[in-house]
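The values are calculated or read from the model by the stated rules, or taken from the named source; none is laboratory data. From a predicted model like this one, the values you see are computed outputs, not experimental measurements. Cβ coordinates were reconstructed from backbone atoms using ideal geometry, including for glycine residues, and neighbour counts include every protein chain displayed. These accessible areas exclude ligands, DNA and RNA; they are computed on the full protein's heavy atoms, side chains included. Shrake-Rupley method; radii C 1.70, N 1.55, O 1.52, S 1.80 Å.
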Amino acid sequence: MDHSGHGMDMNMDLPPFTLARGLEWSADSFFLIGCLLGLALYAWGVVRLRRRGDSWPVSRMIFWTVGVLTIAFVMCTKLNDYGMVMFSVHMVQHMVISMLSPILLLLGAPVTLALRALPVAARGSKGPRELLLMLLHSRYMKVITHPAFTIPLFIASLYGLYFTPIFDFLMESRTGHIAMMVHFLAVGVVFFWPIMGVDPGPHRPGYVMRMLELFAGMPFHAFFGIALMMASEPMIGTYKNPPSSLGIDALADQQAAGGIAWAFSEIPSVLVLIALVFQWYATEKRQARRTDRAAERDGDKELQAYNAYLASLSTRGQ
């Protein structure tokens with residue numbers, strides 16, 4: 001198997017895993033370039049807004065930066081190397097890149113930033129901003145952000161990948177491994193965007209429906225973890241024979257992976273619920289302000305009408 005892109009071969013001996021070893025620098029060039037590009041483009045957008053006198057929330061910059069760094073954390077350290085031979089470490093990568101990174105990136109509102117920062121094209125032509133708007137309003141986006149698509153995709157990316165030969169096939173090459181990780185990230189973004197994304201999107205239900213969408217997918221995630229924990233033999237071919245230098249048992253490692261998958265399903269649920277509550281509160285506050293302004297305008301009109309009526313009575317009296 002060719003794993004040269006990860007700085008090692010599957011058969012190469014590794015010392016037993018420790019957190020310190022896992023955090024050592026070992027960059028995957030694809031994800032390193034992607035992370036640097038993501039940070040640079042976001043910074044360009046913010047600088048462009050600031051130069052023309054517009055503001056951009058610091059909290060969104062923090063969310064985006066931390067989101068990108070979580071991807072670098074699992075893909076540009078030795079966690080990525082150990083993840084090739086240890087199911088438990090791979091599961092940490094999967095959980096972070098599919099359930100934590102997307103939430104943080106979405107809270108950074110990159111689409112809103114792009115729409116505000118990109119220049120408007122000349123009349124009769126279409127630039128990047130216009131193409132982005134077309135994509136946001138396309139039928140394609142309506143389909144891939146609908147819960148009838150996002151929830152089955154979220155579930156299938158677990159059961160359909162790990163419990164079929166697809167996983168072992170993808171793990172045979174660097175390209176396959178990268179494609180799988182990109183898939184995990186994309187599925188996470190598509191699943192969480194309609195639920196708690198700040199950016200505009202074609203599918204944006206009420207807050208109660210968003211919570212139902214969240215809880216519709218999470219139990220399947222927990223069941224997946226339990227299935228791995230309860231199995232009596234290793235289920236994934238890639239991890240059936242770990243290198244002897246690691247000093248681990250394949251079944252025990254799989255049970256640890258299942259525990260990680262099961263426990264991690266709670267973390268994003270809490271983060272998303274907190275984000276939803278804040279968004280709901282902000283929406284209600286804005287609505288209340290609009291209602292108050294409308295009431296003030298109506299009250300002013302009534303007062304003006306009443307004053308005019310009094311003035312007309314005074315005129316008649318004279």
*In whole angstrom, and with the biggest value first, how far do the Cα coordinates of the chain range along each principal axis?*
108, 43, 37
*Work out Dmax and Rg for the stretch 20-65 from the C-alpha atoms and quote the Rg first, both in angstrom.*
14.5, 46
*To the nearest 0.05, what FRET efficiency results for Ser138 and Thr18 with a Förster distance of 35 Å applied to their C-beta separation?*
0.15
*Once you sort the root eigenvalues of the Cα gyration tensor of the stretch 51-92 as a ≥ b ≥ c, which label holds: rounded (a/c under 1.5), prolate (a/b larger than b/c) or oblate (the other case)?*
prolate
*With only Lys, Arg, Asp and Glu charged, each at its Cβ (+1 for the first two, -1 for the last two), find how big the charge dipole of the stretch 1-131 is about the Cα centre; round to the nearest 20 debye.*
1120
*For helix 29-51, report the angle its Cα long axis makes with the longest principal axis of the Cα atoms of the chain; keep it between 0 and 90° and round to the nearest 10°.*
20
*asked:* Quick check on the chain: helices-only [θ] at 222 nm, where DSSP H runs of length 4 and up contribute -39,500 (n - 2.57) each and the sum goes over total residues. Nearest 500, please.
replied: -23000 deg cm²/dmol
*Computed from the mean reciprocal separation of all distinct C-alpha pairs, what Kirkwood hydrodynamic radius does the stretch 96-221 have, in Å?*
16.1
*asked:* Compute the angle between helix 266-317 and the longest alpha-carbon principal axis of the chain, please, reported from 0 to 90 degrees and rounded to the nearest 10.
replied: 0
*Quick one: Cα convex hull volume of the stretch 117-178, Å³ per residue?*
140
*Stretchable slack from Asp168 to Arg289, in nm (0.36 nm times residue separation minus alpha-carbon distance)*: 38.0 nm
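Where Lys and Arg each count +1 and Asp and Glu each count -1, what net charge lies around Val198 among other residues with Cβ under 12 Å from its Cβ?
+1
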*Determine the gain in length on full extension of the stretch Ile226-Ala156; use 0.36 nm per residue of separation and subtract their C-alpha separation, reporting nm with one decimal.*
23.6 nm
_Inter-probe distance in nm under a simple model that places probes 7 Å from Cα toward Cβ, at Ala40 and Val189_ = 1.8
*Using DSSP loop states and a limit of at most 16 other Cβ atoms within 10 Å to flag GluC sites (Glu not before Pro), what is the longest stretch of the chain containing no flagged site?*
25-171
*Using heavy-atom solvent-accessible surface (probe 1.4 Å) with all chains present, what is the largest-first order of Val277, Val74?*
Val277, Val74
*So what's the angle, to the nearest 10 degrees on a 0 to 90 scale, between helix 58-75 and the longest Cα principal axis of the chain?*
10
*Using the Kirkwood radius over Cα pairs, work out the Stokes-Einstein diffusion coefficient for the stretch 1-140 at 25 °C and 0.890 mPa s, in µm²/s as a whole number.*
142
